[in-house]
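Just below is one structure, and these are the notes that go with it.
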Amino acid sequence: MTDFRNDPRIVLTLDAGGTNMVFGAMKGGEFIVDPLTLPAHSDTLDLCLGTMVTGFRTIIEKLGEKPAAISFAFPGPADYPNGIIGGYLPNFPSFRDGVALGPFLSKTFGVPVFINNDGDLFAYGEALGGILPEINAKLEAEGSSKRYHNLIGYTFGTGFGVGIVVNDQLNRGDNSCVETFCLPHKDRRDMIVEDGIAIKAVKRIYGELSGNPDHGLEPKDIFDIAEGKIPGDVEAAKKAFAEIGAAAGDAMATAATLIDGLIVIGGGVTASHKYFMPSLLAALRGKIHTFKGEETGRVQSKVYNLDEPEEFAAFAKGDQKKLKVYGFDDEVIYDPQKRIGIAISKLGASKAISVGAYTFALSQLDRM
C-alpha cells in the first residue's frame, strides 16, 4: 500500500460506544470534519441502526462528496469479514441475535463497509502509522540494520484487547477470534486474565488492599492517590497497578513467545504506566525451568523498554560481531542477540484505532 498520508480517498469512521456514537471522516490518515456525536440507542435495534444512518448521512452532507468506504471498530464478537455482529454484547443488547450490519450499511450508502475488532484496528494503526514505523526509523537513524515487521497491540481499559500484525498484515484469524483476554490469570488459574488487568481489576484490587471495597473510585483517582495528590492508601494504590502489570506481563509473554515482534500498549489505564510497567517487564523478563531444572527465559528474546533512552540505545546496538567466512578472508557482521521491545502508544488508542480503520479500508479497496 502506498503512503496513506498522501492518499486522497475519504473513509467514513465511527467510534461505536454503547452510550454514544461518534461519526467522522478521514483523509490521508487525518480527520477532515468536526466529529458528530449522537446517542447510540443500543438497546433498540431500529433506533440504533437509524442513528448510524443519520450520523453517516450528516457527515456525507458535510463532505459534499461520496466517500470511498465506511470503516470502523465494533465492540464484541462478530463475523467481521462478512460484517455480521452477534453474540454476547453487553453494550449492544439489541445485536445479540445477529445483525448483518456491514451489508445493511453497504446497501444503504452504496460503498464498501469494513468492520473490525477494536484491538485489531489498534494494532494495525500502530503498525502502519504509529510505533512500528517510528521504531524502525529510529533504528535506521542509529545505524542499525535491524527492522521489525511484527507487532502485538494491547489496550488496557474496560477490557484487555489485543491485535496482531504479522509481516505488516493484520491477522484476524479464521474465526475473527484472535484473543488473549481469556488466558488464565497467573495467580488464579480459574479466572480469566482480563479480570486481573482491566479497569475493574484496579478498582477491585485497591478495594481489597485498602480494606474499603466500596470506595467508589476510578483508576484515575487511584493513580492520583499513588501520586499523593488526593487522600487515600498510597501503598494499596501503587500495589494495585503493580498487580495488573504482573498479570499483563505474564499474558504478554505467551503472545510474545508465539509472535516474536514488538509490543505496544494503549488505552486509558496506560497513564499509570510508571506504576505497572516495572512488574510487567519483570514478568516478561522472568525465568522458568525445564524438567531437568535448567533455567530459560519466559520469553526467548531479550525484552527492552523502548521508552527508556538507555534501553533503546542498547536495543539498537544489539550484540554485533564480526564473523569470518570459513576458508576465506571475507568477514560478515553477525548479531546473535534475539530482542524485542515494548512501548506505550504515542498516538493513543482512539487515534490508532481510527488510523487502523482508515488504512484497513484502503488496503481492502486496493485489492478490489
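What follows is calculated from the coordinates using simple rules that are stated; it is not laboratory data. Not measured: the values here are computed from a predicted model. Here Cβ is always computed from backbone atoms with ideal geometry, including for glycine, and neighbour counts include all displayed protein chains.
Of the residues A78, L38, G110, the one whose Cα sits farthest toward the positive end of the charge dipole of region 4-117, with +1 on the Cβ of Lys and Arg and -1 on the Cβ of Asp and Glu, is G110. A helix-only calculation puts the chain at -12000 deg cm²/dmol for mean residue ellipticity at 222 nm, using -39500 (n - 2.57) for each DSSP H run of at least four residues, averaged over all residues. The residue among N212, A240, G341 whose Cα reaches farthest toward the positive pole of the charge dipole of region 131-346, with charges on the beta-carbon of Lys, Arg, Asp and Glu, is G341.
Counted over all Cα-Cα pairs of the chain, pairs farther apart than 34 Å make up 34 percent. The loop-placed GluC sites (Glu not before Pro) in region 277-368, going by DSSP, that have at most 12 neighbouring Cβ atoms within 10 Å of their Cβ come out as E294. Distance from the Cα centroid of region 99-125 to that of region 172-228 is 29 Å (rounded to whole angstrom). Using Cβ point charges alone (K and R +1, D and E -1), the dipole size of region 89-236 about the Cα centre works out to roughly 400 debye.
The chymotrypsin sites (Phe, Trp or Tyr not before Pro) of region 299-348 that meet both conditions, a loop assignment by DSSP and at most 14 other Cβ atoms within 10 Å of the site Cβ, are Y326, F328.
Placing +1 on each Lys and Arg Cβ and -1 on each Asp and Glu Cβ, with no other charges, gives the chain a dipole about its Cα centre of roughly 320 debye. Each Cα pair under 8 Å and six or more residues apart adds its separation to the average, and for region 165-310 the resulting relative contact order is 18 percent. Rg over Rh for region 97-203 works out to 1.08, using Cα positions for both radii and the Kirkwood form for Rh. Taking all Cα pairs closer than 8 Å and separated by 6 or more residues, the relative contact order of the chain comes to 16 percent. Determine one quarter of the surface area of the Cα convex hull of region 131-346, which equals its mean projected area, and express it in nm² to one decimal. Mean shadow area of the hull around the Cα atoms is 16.0 nm².
Over region 240-310, Cα pairs under 8 Å with separation of 6+ residues give a relative contact order of 38 percent.
My understanding is that a pair violates if its Cα-Cα distance is over 22 Å; which of K239/K302; K146/K321; K287/K322 do that in this structure? Those over the limit are K239/K302; K287/K322.
The 3J(HN,Hα) values that the Karplus relation (6.51, -1.76, 1.60; θ = phi - 60°) gives for region 151-159 are, in residue order, 8, 10, x, 10, 10, 9, x, 4, x Hz. Gly and Pro appear as x.
Per-residue packing, averaged as other Cβ atoms within 10 Å, sorts the ranges 237-243, 144-150 into the order 237-243, 144-150, beginning with the highest.
Note on region 1-147: with charges restricted to the Cβ of Lys and Arg (+1) and Asp and Glu (-1), its dipole about the Cα centre is near 260 debye. Principal semi-axes of the equivalent ellipsoid, √(5λ) from the alpha carbon gyration tensor of region 4-117, are 23, 15, 12 Å from largest down. Of the trypsin sites (Lys or Arg not before Pro) in region 312-368, the ones in a loop by DSSP (not H, G, I, E or B) with at most 15 other beta carbons within 10 Å are K338, K346. Candidate cross-link partners of K338 among the aspartates and glutamates, defined by an alpha-carbon separation under 15 Å and a same-chain spacing of 8 or more, comprise D260, E311, D319.
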